[in-house]
Each structure stands twice: as C-alpha cells, then as structure tokens.
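Quick notes on the structure that follows.
The values are calculated or read from the model by the stated rules, or taken from the named source; none is laboratory data. None of these values were measured; they are calculated from a predicted model. Every residue, glycine as well, gets a Cβ built from its backbone with ideal geometry; the counts of neighbours run over all protein chains shown.
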Amino acid sequence: MELFRPTGLTELHLVRDSGWTAWPPRLPDQPIFYPVTTFAYAEKIARDWNSSQPPPDDLGFVTRFHIDPETARRYPVQLAGGRDHRELWVPADGLVAFNSGIVGKIDVIAGFRARAPLSEEELADFRD
C-alpha cells in the first residue's frame, strides 16, 4: 500500500536519522500517527499547515512510503472530514509495529516554504 505523510522539518530530521526507514515516536499530545492515502491531501497539509508556521519551522514536506499488505490490513482507512481526506490511524503505542511493516525507504517527494513550493535543487538538500 502506498502512503503519504505531510511532515515538518523536525520530524523529517528524525526520519533521516532512522536511515529513512521509520517514523519517530509520537509526542505526548499526539495519540495517533496518521499517514494519508493521496499525494493531494498530503500536499495540502504540508503546504497550508506545516509551511505556514513561523520561521524556522516554516517548512512542510510530503513523503511517500509503502507498507506491506499485512500491516495495511491492521489499519482500516478512516475518513477525516471530506471524502478526499483518507487516513490510516495508527495508535502511538503501535508505531513500532507499523514501522516494521514499511517496505523500502521513506522518500521526500515535495516541499514547501511559506506555502510556496521548494525547487528541485532546494528539495535535494532534504533527500537521502
């Protein structure tokens, strides 16, 4: 199953530190981890939310990754508002198990600063 995750710079650095293979533990006020099912939805969150924070947190990224079928079956797709807002809801205490179902690497496929797209050159600085 292909999934996308909108993320900020701090979380992206933690993913990089894992070797691009795992999502970091949730913070105490984050009870779920929610990857989304479409690039468009992840792009909207990264652009409109993550990149609209005050500097130096004004960067938003879209990542793409895959999970194996067994892991996908454990987390039914949830609607989070509109019909295009489809997410998997992974409880924070289940993130280690979820990470073990990631196939391959987590890729950075888009980025935004202050709601404007990053160039391919700028984005290269945030890739493996």
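Of all the listed residues (Asp84, Asp107, Asp93, Asp68), the sole one being charged (D, E, K, R) and within 14 Å of Phe126 (Cβ to Cβ) is Asp107. Being surrounded by fewer than 20 Cβ atoms within 10 Å (Cβ to Cβ), in contact with a strand residue (DSSP E or B) (Cβ under 7 Å, 6 or more places away or on another chain) and closer than 24 Å to Pro76 by Cα is a description that does not apply to Thr7. Within the stretch 63-78, the only residue that satisfies the criterion of being touching a Ser or Thr at 6+ places or on another chain (Cβ under 8 Å), surrounded by 19 or more Cβ atoms within 10 Å (Cβ to Cβ) and farther than 15 Å from Leu9 by Cα is Thr71.
Do you know which residues across the stretch 93-128 are under 26 Å from Asp29 (Cβ atoms), out of contact with any helix residue (DSSP H, G or I) (no Cβ under 9 Å at 6 or more places or on another chain) and surrounded by fewer than 16 Cβ atoms within 10 Å (Cβ to Cβ)? Result: Asp93, Val96. Residues in the stretch 39-62 that are more than 22 Å from Gly82 (Cβ to Cβ) and either touching an Asp or Glu at 6+ places or on another chain (Cβ under 7 Å) or of a type in the set (D, E, K, R) (or both) were compared, and the one that is surrounded by the most Cβ atoms within 10 Å (Cβ to Cβ) is Asp58. Among the residues of the stretch 11-38, the ones that are within 24 Å of Asp84 (Cα to Cα), of a type outside the set (Val, Ile, Thr) and touching a Leu at 6+ places or on another chain (Cβ under 7 Å) come to 4 in all.
Go through the stretch 24-58 and count every residue that is of a type in the set (Ser, Thr, Tyr) and in a helix (DSSP H, G or I). Adding up the residues that qualify gives 3.
When the stretch 26-38 is limited to residues that are farther than 13 Å from Ala92 by Cβ and surrounded by 16 or more Cβ atoms within 10 Å (Cβ to Cβ), the one that is nearest to the chain's Cα centre (by Cα) turns out to be Pro35. For the stretch 43-52, does any single residue satisfy the condition of being touching a helix residue (DSSP H, G or I) at 6+ places or on another chain (Cβ under 7 Å) and at pLDDT 95 or above? Among the residues of the stretch 43-52, not one is touching a helix residue (DSSP H, G or I) at 6+ places or on another chain (Cβ under 7 Å) and at pLDDT 95 or above, which makes the answer no.
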